[in-house]
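Notes for the one structure printed next.
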């Protein structure tokens, strides 16, 4: 809009007024009024002129106040140069002058004086004070407002507000940078957490960093334990500083700052206004007089408390530092919860894996393929209601023409029952000399197992049967087990028999009577556990002895091998039960003659 | 300058409050205001010029009232006067009322 030449030309258009005022308040006041009217004549806005009036009065009064006796008679020179760009004011006095401060601060709000220089500085853009032997000159400048007559006082106010905004901005920057620091730190911690699963080390690093960043003299992290009723020390800094002592009861709200913070779930400050009680565990820490206790909460659940302690009365905990405390502790709390969940998951995984191993072992203990001389066939199966069960069956060859059949049901289910079932299997196999005398075998077995079983408050039922292929005789004995079913010849009705005998592990000395059978052509025997007969359908009906007997007879007629008969029997059982889950292990051995 | 019926001492009619008259105004008010007066109201409606000495007078009167447990109020200050109060942040100290 204008060339530099035109600008200098324009600035050449200027008017000047010079006044020699007496060195007293009255003359200065008159001079400032004169200048004000003159500036308005030069086209300055009323308010701009008024602000120069005030500046001039303040400057002149300063000259009057700081004059000497000799200079009292000398005038105060005032020169105002008004161009269309700016106003320059020179105030010359002949006194000794004074030290014009670089920065002019507002005095205390209560102070009577000291505002003159502040007003001069605030209402001008440039302010220079030149001291000389013959006199001092104060040069004040401010550009004219080009647009609509601006309120010069408002300009001062604007500057003030700008300064306030800058302060606010600087506070925000500090907070932002502390937020940024915490964010960076948290990312770093997250990375570290992946590398180390040790919560103690990890929390130690976070908390010692937090202590450094907040300038605390001590820090203590206690975790809520025993069903959220007590606080126990987890980490404390310095390590030997404080934090020992017994757990703090969270109910002791009056006696402990930490308990108070934990129970009301709010920050609790302590210091001059709220000193530590005599029996407060924090008071045990040497020289700790102030600080802040912050409860760590995750989803409303109390994890613990973190306390920053200071040896001085004023902890200088700025909002940014408190923010830092909150952020770090929240993060630590989340890691704590995560670690606990992780632990539980790991434990569950380990347990599941152990159960798988146990199930594998148990399966491997079952006879893989039992060989019997033709035309006999044999089948055995064991279905556990759980991954591992307490049922067991075993088929042990005994010489060229003997076969030992064992079936047992340990009270209870799961791993303990499976362990005892495995013991029974091993004990039976260790006594081949007694296979031909099942009653004696059970008696001996009971004696062997009695201590183990009664010690574990458990017992087992068992059925053992010895088949002599040379004469097709079957000798059985029962330790409280459900009956076996025998079809003596092809197409014959199934007969069952209950041999008396206490379960294993109830009494030390028990006699077990034996029963004898003879398998004719097409004869068959079924030994099973009560998981079969006690299986229920969705309506709650039991499969029962009658159905089993009936189905056993039918499947023998419908099939030709033990394997097929066993499969068909189990299919019928399954059909009866429909979708109802088996509540007990189901085990059977089926042996038949062609 | 007079005492109202409710006991408030009221000062008004000043054209300026500045180096020239600030000390005089302060002393006159202090001497004429009763010792038991617990409220002082400065009506600044007519004040067109206020400088730092004037501010000193206002602060001195404010302190005097506060010391005796009384109240100091500034009433009807013109915009330019108000702005000087704001500039020096004394608006945070004084009770300022516009009627």
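Where a number appears in this text, it was derived from the coordinates with a stated rule and is not lab data. Predicted model only: the values in this text are computed from it and were never measured. So basically every Cβ, Gly included, is an ideal-geometry build from the backbone, and we count neighbours across all protein chains shown.
Tabulated results
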{"quantity": "C-alpha center-to-center spacing [region A:459-476, region A:549-575] in angstrom", "calculated": "21"}
{"quantity": "With Cα atoms, 0 to 90° folded angle of helix A:544-558 axis to chain A main axis", "calculated": "70"}
{"quantity": "Ratio Rg/Rh, restricted to the protein assembly as shown and using Cα atoms, in which Rh is the Kirkwood radius", "calculated": "1.44"}
{"quantity": "Shape box of region A:179-341 [Cα atoms, principal axes, largest first, Å]", "calculated": "43, 35, 29"}
{"quantity": "Distance in nm between pseudo-label sites at residue A:539 and residue B:68 (7 Å out along the Cβ direction from Cα)", "calculated": "10.5"}
{"quantity": "Additional length obtainable on full extension of the chain from residue A:360 to residue A:338, 0.36 nm per residue less Cα span", "calculated": "4.6 nm"}
{"quantity": "Viscosity 0.692 mPa s, 37 °C: Kirkwood-radius Stokes-Einstein D of chain B over Cα pairs, µm²/s", "calculated": "247"}
{"quantity": "Ordering of A:557-564, A:344-351 by burial proxy (mean other Cβ atoms within 10 Å per residue, highest first)", "calculated": "A:557-564, A:344-351"}
{"quantity": "Relative contact order (percent, whole number), chain A, Cα cutoff 8 Å, 6+ residue spacing", "calculated": "8"}
{"quantity": "Shielding of A:50-57 by partner chains, average beta-carbon count, 10 Å", "calculated": "3"}
{"quantity": "Likely footprinting exposure, A:221, A:469, fewest C-beta neighbours within 10 Å first", "calculated": "A:469, A:221"}
{"quantity": "Fewest-first ranking of A:266, B:5, using other Cβ atoms within 10 Å as the exposure measure", "calculated": "B:5, A:266"}
{"quantity": "Taking chain B and dividing mean pair separation by its residue count, relative contact order in percent (alpha carbons under 8 Å, at least six apart)", "calculated": "28"}
{"quantity": "Rounded tilt (10° steps) of A:152-195 against the dominant C-alpha axis of chain A", "calculated": "20"}
{"quantity": "Square roots of 5 times each gyration tensor eigenvalue, C-alpha, region A:320-373, largest first, Å", "calculated": "54, 4, 4"}
{"quantity": "Shielding by partners, peptide B:16-22 (average Cβ within 10 angstrom, other chains)", "calculated": "5"}
{"quantity": "Residue order, fewest to most beta carbons within 10 Å, for B:96, A:357, A:257, A:506", "calculated": "A:357, A:506, B:96, A:257"}
{"quantity": "Degrees between helix A:319-365 axis and first principal axis of chain A (Cα, 0 to 90, nearest 10)", "calculated": "10"}
{"quantity": "Average other protein chain Cβ within 10 Å of Cβ, residues B:49-59", "calculated": "6"}
{"quantity": "Mean-position separation - Cα centroids, region B:1-31 and region A:372-449, in angstrom", "calculated": "117"}
{"quantity": "Estimated translational D of region A:11-150 in µm²/s (Stokes, Kirkwood radius over Cα pairs; 20 °C; 1.002 mPa s)", "calculated": "139"}
{"quantity": "Mean shadow area of region A:366-593, taken as a quarter of the surface of its Cα convex hull (nm²)", "calculated": "11.3"}
